[in-house]
Amino acid sequence: MVPRTPLTRRQRDILEFFRHYADDQGISPTLEEIAQHFGLSKVTIFGHVAELERKGVIERTAPGISRGLVLVEDADPGRPSDLPPSAVSPSPGLPILGTIAAGVPISTLENPEELRFEDWAPPGKDVYVLRVQGDSMIDDSIRDGDLVVVERRTDPSPGETVVAVLPDEEATLKRYYPEHDGRIRLQPANTLMEPIFVPAPSADEPGLEIRGVVIGVLRRY
């Protein structure tokens, strides 16, 4: 299948590795295996794979499956899935039984609501989740091990927390600030860490790539 838009060099390399791995092993590689092969982080590989999905080159057979990616040219829509029903059923919601005050007591809800994970995604928006590694955003209450809900877009406003891919193809989570000299400042929310300055993208130099803007944080205690 011809991609809707051209692939980058790294995306072509990942696609070639994906094809060879699937031919040799009979299964698709995991994101971790792709990351190990190229010596990159899983977050960086996630971004490349998401772009390959967006460009129509690969697709997911079901959400949440580590080896659920297939080449579009190999996909067979008429083939019954080998996955168990629980792997393809939508995620259940969680009941909201009331509210709890950190100050004076308040009453509980008479009519319980239900929190569905879809509520974290604005209607019509392309949203994904990443697991945070590191403490660079702790002053914004984003801690190591948290899950951040990211809206996939490339036009952040100054001060928004973004998923940024640096020129060396490493990904990072930082606040986004355009500087007067044309550079982009990626500001950590940790007083012990220095900001990162990168050139803005241009026709000659790709520079920084924005893969999304954080719209929520999930934490398990």
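Structure notes:
- Cβ-Cβ contacts under 6 Å between residues 6 or more apart (or on different chains), taken from a first residue in the range 13-28 that is free of Cβ contacts under 8 Å to residues at least 60 places away in the same chain to a second residue that is small (G, A, S) and part of a helix (DSSP H, G or I), are listed as S28/A22.
- Hits in the range 140-180 - residues which are of a type in the set (S, T, Y), surrounded by 18 or more Cβ atoms within 10 Å (Cβ to Cβ) and under 19 Å from L218 (Cβ atoms): T161
Values quoted throughout were computed directly from the atomic coordinates according to the rules given, and no laboratory measurement underlies them. Just so we're clear, the structure is a prediction, and the values are computed from it rather than from any experiment. Virtual Cβ from ideal backbone geometry, glycine too; neighbours counted across all protein chains shown.
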